[in-house]
Amino acid sequence: MPLIEFENVSFAYDDTPILRDVSLQIEAGQLVAIMGGSGSGKTTLLKLIGGQLRAQHGRVLVDGIEVSRLNEGELYQLRRKLGMLFQFGALFTDLSVFDNVAFPLRERTQLPESMIRDLVLMKLQAVGLRGTADWMPQALSGGMARRVALARAIALDPQVMLYDEPFTGLDPISLATVGQLIRELNDALGTASIVVTHDVAESLAIVDYVYFLDQGQLVAQGTPAAVRTSTHPFVQQFINAQPDGPLPFHKPAPPYAQALGVQA
Amino acid sequence: MKLLFDLVSRLGQPVTNTLIKLGFAARFQLAILRHSATALLRPQLTLREIWFAGVLSVLIIVVSGLFVGMVLALQGYDTLQRFGAASSLGILVALSLVRELGPVVAGLLFASRAGSAITAEIGLMKATEQLAAMEMMAVNPIARVVAPKFWGGVISMPLLAAMFSAMGIFGGYLIGVQLLGLDEGSFWSQMQGAVDFRLDVMNGVIKSLFFGFAVSLIAVFEGYDAPPTAEGISTATTRTVVTSALVILALDFILTAFMFRGV
């Protein structure tokens, strides 16, 4: 049974449709990328899994449980199975690196402090930042903050990992480090992982499967190898970074000459 | 006709917006109360907030109280002396502070010193997705962040108001007795005789409790409700101070009318 399943899911803010008829499945141990331009509905998709938003049509299933049917208590119960890495880490700025990683352990388990200490150091070791345990988040670089946040997200060994734009704003070395960590953690923990991103090179290098999202619809999908050779115009435009194509350079607008008040 | 329609709807829009916001605030208050048990069962969370909202406000409260008391003594002496009642200066200083100035001025200072900080902190936590991260870790931010800040404020406020009044009375003593040469014995004994514990002191404490409740709620709500942008947080912080000031003064009038009517 897939850990994450979307069945014909649609979502709209007021009258603006964000997702239209999206169906996908992700198994345990699978690392999947959702790619699309800004405003294509990628982040909304993650929020539907975490229950921060509720699908208006169709079903979102996490480990067989329909997310949009849950009440607040059940939702918090479900979130215990999820780990999420936020775009800029979202570390708690008033807590040290150690306390940040210890936060989910202290809040959600009754473990003794000595065991929490061991677990935190193990998680920090996994992301290579045990040496920063006593630092405050402000002292970390962008890449290090992302890795600490990753250690915090895996603190309770989640079944599902969600990554919201994990590569944004990182230098090439940090970017490769984070990418590799995502792959390694996925394989070591056997999680189902979703990476929402528009970084083509890095994600094609690490993921098992790719979905392309354009204006709320899944327009293409496939393994990285298949995607690279795809002739689908949207995929072509996206992975070759062409400014114009199925995803137009111009936003729809009244005729140019008319807007400038001149005769064409 | 259309003009009239526009006018009416333009008048109505802010009213509906305000009502909607009030409704949110009321539901938010209920949510805080519902999650208060979890927060209060872990006193170190609330203690931390008492430190930030209360203890760190002590300096400004103590200094302001001292000055307000000294000014009261100077002004009061000048007026009382014309009626040959200068020896009642202690009563004037103590009653003004305990009944009114203590709770009200301490409340205003508390709103600008601690309330604004609470709003900015919660607003920034929201803007940097720290609250969302907490939710995704299955930790309720209202129980973990908001409720402790709210109760920290509620607990701090009466204590700060009491400190303000005490320092003010001491300031009045410095001016009245030490500078202007009033008799020390009559200054204190007249004050002791005229200030009633239940009517004056307790009513002042009740006022400061109300103010603490109002300011804390406004501060946490504005922070939680702030749009997650730089401009949104700055507007929210301003609104905390302005709304708190207005609410304190309006509440003070209502409470005074109930407490001291016809006494």
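Only the coordinates and a few stated rules stand behind these numbers; no lab work does. Computed from a predicted model, the values in this text were never measured in an experiment. Ideal geometry is used to build each Cβ from the backbone, glycine not excepted, and the neighbour counts take in all protein chains shown.
In region A:66-82, what residues are within 14 Å of chain B (Cβ to nearest Cβ) and either in contact with a Lys or Arg (Cβ under 8 Å, 6 or more places away or on another chain) or surrounded by fewer than 17 Cβ atoms within 10 Å (Cβ to Cβ) (or both)?
A:67, A:71, A:72, A:73, A:74, A:77, A:80
Just to confirm my filter: which strands (runs of 3 or more DSSP E) fall fully inside region A:1-43 and include at least 2 residues that are in contact (Cβ under 8 Å) with a residue 60 or more places away in the chain and surrounded by fewer than 21 Cβ atoms within 10 Å (Cβ to Cβ)?
Answer list for region A:1-43: A:16-26.
Check residue A:137 against each of (1) in contact with a Ser or Thr (Cβ under 7 Å, 6 or more places away or on another chain); (2) without any contact (Cβ under 8 Å) to a residue 60 or more places away in the chain; (3) surrounded by fewer than 19 Cβ atoms within 10 Å (Cβ to Cβ); (4) under 21 Å from residue B:128 (Cβ atoms) and name the one condition it does not meet.
For residue A:137, the exception is condition (3).
Residues of region B:133-146 being within 14 Å of chain A (Cβ to nearest Cβ) and touching a residue at least 24 places away in the same chain (Cβ under 8 Å), which ones?
B:140, B:142, B:143, B:144
Yes or no: residue A:178 out of contact with any Leu (no Cβ under 6 Å at 6 or more places or on another chain), within 30 Å of residue B:42 (Cα to Cα) and surrounded by 20 or more Cβ atoms within 10 Å (Cβ to Cβ)?
no
Could you please let me know if residue B:121 is within 14 Å of chain A (Cβ to nearest Cβ), free of Cβ contacts under 8 Å to residues at least 60 places away in the same chain and charged (D, E, K, R)?
When the stated conditions are applied, residue B:121 does not pass them.
Can you tell me which residue in region A:44-65 is farthest from the other protein chains (Cβ to nearest Cβ), limited to those that are among the β-branched types (Val, Ile, Thr) and surrounded by 17 or more Cβ atoms within 10 Å (Cβ to Cβ)?
A:60
Restricting to region A:101-135, what's the tally of residues that are of a type outside the set (S, T, N, Q) and either in contact with a strand residue (DSSP E or B) (Cβ under 6 Å, 6 or more places away or on another chain) or within 14 Å of chain B (Cβ to nearest Cβ) (or both)?
10
So is residue A:141 closer than 24 Å to residue A:203 by Cβ, over 20 Å from the mean Cα position of the chain (by Cα) and of a type in the set (Gly, Ala, Ser) or not?
Criteria met by residue A:141.
So which residues in region B:12-68 are surrounded by 17 or more Cβ atoms within 10 Å (Cβ to Cβ), over 27 Å from residue B:144 (Cβ atoms) and among the hydroxyl-bearing types (Ser, Thr, Tyr), if there are any at all?
Answer for region B:12-68, where residues must be surrounded by 17 or more Cβ atoms within 10 Å (Cβ to Cβ), over 27 Å from residue B:144 (Cβ atoms) and among the hydroxyl-bearing types (Ser, Thr, Tyr): just B:64.
Please determine whether any residue of region B:218-231 is within 14 Å of chain A (Cβ to nearest Cβ) and more than 29 Å from residue B:248 (Cβ to Cβ).
Among the residues of region B:218-231, not one is within 14 Å of chain A (Cβ to nearest Cβ) and more than 29 Å from residue B:248 (Cβ to Cβ), which makes the answer no.
What are the residues in region A:136-145 that are among the hydrophobic types (A, V, I, L, M, F, W, C), assigned to a helix (DSSP H, G or I) and within 14 Å of chain B (Cβ to nearest Cβ), if any?
Within region A:136-145, A:145 is the sole residue that qualifies.
Please find, within region B:155-180, the residue that is nearest to the other protein chains (Cβ to nearest Cβ) out of those that are crowded, with 24+ Cβ neighbours inside 10 Å and closer than 30 Å to residue A:106 by Cβ.
B:156
Looking at (1) within 14 Å of chain A (Cβ to nearest Cβ); (2) in contact (Cβ under 8 Å) with a residue 24 or more places away in the chain; (3) buried (at least 20 other Cβ atoms within 10 Å of the Cβ), which is the only condition residue B:127 fails?
It is condition (3) that residue B:127 fails.
Quick one: in region A:206-264, of everything that is surrounded by fewer than 16 Cβ atoms within 10 Å (Cβ to Cβ) and of a type in the set (Ser, Thr, Tyr), which residue is nearest to residue A:180 (Cα to Cα)?
Checking each candidate, the answer is A:223.
I'm trying to understand the selection: among the residues of region A:30-43, which are more than 23 Å from residue A:223 (Cα to Cα) and within 14 Å of chain B (Cβ to nearest Cβ)?
none
So how many residues does region A:103-128 have that are crowded, with 17+ Cβ neighbours inside 10 Å, among the hydrophobic types (A, V, I, L, M, F, W, C) and touching a Leu at 6+ places or on another chain (Cβ under 8 Å)?
Going through region A:103-128 one residue at a time, the tally reaches 7.
Quick check on region A:8-29. Is at least one of its residues within 14 Å of chain B (Cβ to nearest Cβ) and either among the β-branched types (Val, Ile, Thr) or more than 30 Å from residue A:138 (Cβ to Cβ) (or both)?
no
Taking residue A:52 as the residue in question, decide whether it is under 18 Å from the mean Cα position of the chain (by Cα) and farther than 26 Å from residue B:129 by Cα.
no
May I ask you to list pairs of residues, at least six apart or on different chains, whose Cβ atoms are under 9 Å apart, with the first in region B:6-21 being in contact (Cβ under 8 Å) with a residue 40 or more places away in the chain and the second being surrounded by 10 or more Cβ atoms within 10 Å (Cβ to Cβ)?
B:21/B:221; B:21/B:225
Go through region B:224-263 and report how many residues are farther than 30 Å from residue B:197 by Cα and not in a helix (DSSP H, G or I).
Number of matching residues: 4.
Please list, ordered by first then second residue, the pairs with beta carbon atoms under 8 Å, 6 or more apart or interchain, first in region A:84-100 and more than 8 Å from chain B (Cβ to nearest Cβ) and touching a residue at least 60 places away in the same chain (Cβ under 8 Å), second assigned to a loop (DSSP other than H, G, I, E, B) and among the β-branched types (Val, Ile, Thr).
Cβ pairs passing all conditions: none.
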